[in-house]
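Notes for the one structure printed next.
The values are calculated or read from the model by the stated rules, or taken from the named source; none is laboratory data. The structure presented is a predicted model; accordingly, all values stated were derived computationally and were not measured. Cβ coordinates were reconstructed from backbone atoms using ideal geometry, including for glycine residues, and neighbour counts include every protein chain displayed.
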Amino acid sequence: MLIADLLGRPVSYVLAHGEQVVHTAPIHAAMRRRAAGEPLQYIRGKTEFFGREFRVDDRVLIPRPETEILVETAIERIERGARVVDIGTGSGCIAATLALERPDLRVIATDVSIGALAVASHNIAKRVTLVASDLLAGFVEDFDWIVSNPPYIPAGDLESLAPEVRDYEPRVALTPGPSGTEVIARILDQAGRARVILEIGFGQGDAVRDLAAAHHFNVDDLRNDLAGIPRVIVLQRSRS
Ligand SMILES: C[S@@+](CC[C@H](N)C(=O)[O-])C[C@H]1O[C@@H](n2cnc3c(N)ncnc32)[C@H](O)[C@@H]1O
């Protein structure tokens, strides 16, 4: 892929021309970065999400296939014309895809990281409003839906992550603190009457269910990823 990028050719060209010898400084530099453990997506400066290309660099989390389940759930569940906020938009992959797949929605995307917002601005169409914000602090308007893939890894688990993740992806995108649920709890504090679709971490289902109950939310839907791990939870206010 790196050679194909640098030659400006498709991967099939590289595979079909094994006899061709390529020696260029940029290819060696890219190979060295990869050999040192840097994720391929940062070296290439792009990745694919939901069938589209997104610009990425080390200011944003690399979009993951599991997050496509969150987007599919949102496309399916959110009613026509709703106001939706994507909290912690990172590369903008969720907000941009939602806006393209559901042009009837009004989509706002927030992040606390100015670097992430700079990357997202390349990936997000003008129709999506990007806002620098600590969660929903500073918003006065209400939303119908909150979608978020928040940082959810307990801080103590960071050391055991693959070096590609631990040493390269932004800390603020990975962990919210010791329990892993700190940002989720704050989102529920701020959610008002909005319904909420969250990506959750491995083994976090019960903790998030308890947090939701404590914040007077019911679990409306829980979807597994391809490995059978509960990955996306839909919450709505319990009737009081
Ligand atoms: C797990 S990443 C998700 C990025 C992207 N939505 C995705 O799914 O690939 C979490 C994002 O939340 C952002 N974030 C962390 N704490 C935040 C906060 N208090 N307010 C807003 N965004 C926050 C991080 O900067 C990061 O971009």
Qualifying position, being in contact (Cβ under 8 Å) with a residue 60 or more places away in the chain and assigned to a strand (DSSP E or B), among V234, V219, V196: V234
One residue from A155, A194 being more than 9 Å from the ligand (Cβ to nearest atom), farther than 30 Å from A36 by Cα and more than 16 Å from the chain's Cα centre (by Cα): A194
Yes/no for R34 being under 17 Å from E169 (Cβ atoms), more than 13 Å from the ligand (Cβ to nearest atom) and either aliphatic (A, V, I, L, M) or surrounded by fewer than 20 Cβ atoms within 10 Å (Cβ to Cβ) (or both): yes
Pair list, Cβ < 8 Å and 6+ apart or interchain, from region 60-78 residues that are without any contact (Cβ under 8 Å) to a residue 60 or more places away in the chain to residues that are part of a loop (DSSP other than H, G, I, E, B) and among the basic types (K, R): I75/R102
Pair list, Cβ < 7 Å and 6+ apart or interchain, from region 143-155 residues that are without any contact (Cβ under 8 Å) to a residue 60 or more places away in the chain to residues that are assigned to a strand (DSSP E or B): A155/G177
Matching residues, region 176-186, being in contact with a Leu (Cβ under 7 Å, 6 or more places away or on another chain) and more than 9 Å from the ligand (Cβ to nearest atom): T181, I184, A185
Conditions (1) modelled with pLDDT under 95; (2) touching a His at 6+ places or on another chain (Cβ under 7 Å): number failed by R193: (2)
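Conditions (1) in a helix (DSSP H, G or I); (2) buried (at least 24 other Cβ atoms within 10 Å of the Cβ); (3) among the aromatic types (F, W, Y), marked per residue:
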position: T67; (1), (2), (3): yes, no, no
position: V85; (1), (2), (3): no, yes, no
position: S91; (1), (2), (3): no, yes, no
position: I94; (1), (2), (3): yes, yes, no
Selection count, region 131-152, where residues are among the aliphatic types (A, V, I, L, M) and either away from the ligand (no atom under 12 Å from the Cβ) or at positive phi (or both): 2
Among the residues listed as V140, V128, V119, V147, the single one being more than 23 Å from I233 (Cα to Cα) and touching a helix residue (DSSP H, G or I) at 6+ places or on another chain (Cβ under 6 Å): V128
Search result, residues across region 107-163 that are part of a helix (DSSP H, G or I), under 22 Å from V71 (Cα atoms) and touching a Lys or Arg at 6+ places or on another chain (Cβ under 6 Å): A116, V119, H122, N123
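Here's the yes/no breakdown for (1) charged (D, E, K, R); (2) surrounded by 17 or more Cβ atoms within 10 Å (Cβ to Cβ); (3) at negative phi:
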| residue | (1), (2), (3) |
| --- | --- |
| P163 | no, no, yes |
| R195 | yes, yes, yes |
| L198 | no, yes, yes |
| V208 | no, yes, yes |
| V219 | no, no, yes |
